[in-house]
Amino acid sequence: METLCSWAGNRLWGKRGIGEQVKKTVKIIKLDPVRPEAAFSRCREAISAGGVIAYPTDTFYGLGADPKNLRAVKKLFEIKGRPTVQPILLLIADPQDARQWAADIPPQADELMKRCWPGPLTLILKARADVLPELTAGTGTIGLRVPGNQLTRDLLCFLGCALTGTSANRSGQTSFCTARETADAIGDRVDLILDGGATAGGKPSTIVDVRTGLPRVVREGAVPLQDISVEAKSRQ
């Protein structure tokens with residue numbers, strides 16, 4: 001089911017000229033959990049056309065773009081107002097998909113994948129040479145996660161590709177757990193919003209650098225440190 005929404009007096013209204021308001025419309029696609037294919041197809045159309053969608057993840061609503069489409073990735077940065085020096089993580093459907101993006105998967109990374117995926121754990125790995133530098137922000141690394149909720153994994157499987165997984169908000173602002181909150185904040189900037197209900201919220205994903213040596217916790221989050229490794233080194 002597709003819902004076309006517009007609101008007077010909020011940020012979904014813009015101005016074309018003095019005293020002239022231009023109504024902006026956001027497409028909210030309601031997911032039918034019994035027959036999700038129709039909604040997923042609309043997402044695939046938007047992604048294939050180089051668009052950016054908002055969609056539910058295992059933590060908050062995220063911004064999804066084809067990570068191999070440079071135009072789409074640049075559009076995502078514009079939507080978020082995100083500095084280009086900050087890399088963008090990716091969500092993948094299966095741990096095996098990590099090899100499409102990572103040049104190397106050390107044993108400690110493989111162990112964490114088996115232990116914590118699917119789930120809110122983002123692993124930083126050495127990126128393959130063909131990964132867009134806009135995603136890595138010139139660091140030569142890529143963050144990957146298999147999301148913990150089945151809905152997001154089903155969407156990724158249907159699309160047949162990874163999606164960018166940064167939160168669906170303006171950079172530095174609050175992350176959102178519902179399609180309506182997302183629409184109020186950035187609905188006029190994205191191509192559509194997939195409404196899959198409220199997400200879990202809470203803490204963001206834990207981020208762990210697993211390129212060399214012991215896992216190093218870059219950001220504490222939803223996965224407790226003791227679930228990663230008793231020897232994991234937090235960044236001081």
Worksheet item: Each label point is 7 Å from the Cα along the Cα-to-Cβ direction; what then is the distance between the points at Arg99 and Val218, in nm?
Response: 2.4 nm
Worksheet item: Cα axis of helix 150-159 to longest principal axis of the chain: angle in degrees, 0 to 90, nearest 10?
Response: 80 degrees
Worksheet item: Which of these values of Rg/Rh (Cα atoms, Kirkwood Rh) was calculated from the structure shown: [x] 0.96; [y] 0.99; [z] 1.12?
Response: [y]
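Given +1 on the Cβ of Lys and Arg, -1 on the Cβ of Asp and Glu, and no further charges, what dipole in debye does the chain carry about its Cα centre, rounded to the nearest 20?
Values: 32 positive and 25 negative charges, 136 e Å.
About 660 debye.
Per the Kirkwood formula on distinct C-alpha pairs, the Rh of the stretch 107-168 is how many angstrom? Before the final figure, lay out the partial values.
Details: mean 1/r = 0.0779 Å⁻¹.
Its Kirkwood hydrodynamic radius stands at 12.8 Å.
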Fill in: Folded to 0 to 90 degrees: helix 70-80 orientation relative to the chain principal axis, Cα
70 degrees
Worksheet entry | Amide H contacts under 5 Å for Thr122, placed H, 5+ residues apart | Thr206, Ile207, Val208
Discussion item. Using only the alpha-carbon atoms, how far is helix 107-116 inclined from the longest principal axis of the chain? Give it as 0 to 90 degrees, nearest 10.
Written reply: 50 degrees
Worksheet item: So in the stretch 2-234, what percent of DSSP beta bridges are antiparallel if you round to the nearest 5?
Response: 65 percent
Fill in: Added length on full extension, which subtracts the Cα-Cα distance from 0.36 nm per residue, Val34 to Ala137
33.2 nm
Worksheet item: If you find the alpha carbon centre of the stretch 105-137 and of the stretch 60-77, how far apart are they in angstrom?
Response: 18 Å
Worksheet item: So, in the stretch 2-234, how many Lys pairs have Cα atoms under 22 Å apart, if the pair is 8 or more places apart or on different chains?
Response: 22
Worksheet entry | Residue-averaged [θ]222 nm for the chain, counting only DSSP H segments that reach four residues, each worth -39500 (n - 2.57) | -7000 deg cm²/dmol
Discussion item. What distance in nm separates the two pseudo spin-label positions at Phe158 and Thr174, each 7 Å out from Cα along the beta-carbon direction?
Written reply: 2.9 nm
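Laboratory data are not the source of any read-out in this text; all were calculated from the coordinates shown. Everything numeric in this text was worked out from a predicted model, so none of it was measured. Backbone-built Cβ (ideal geometry, glycine too); neighbour counts: all protein chains shown.
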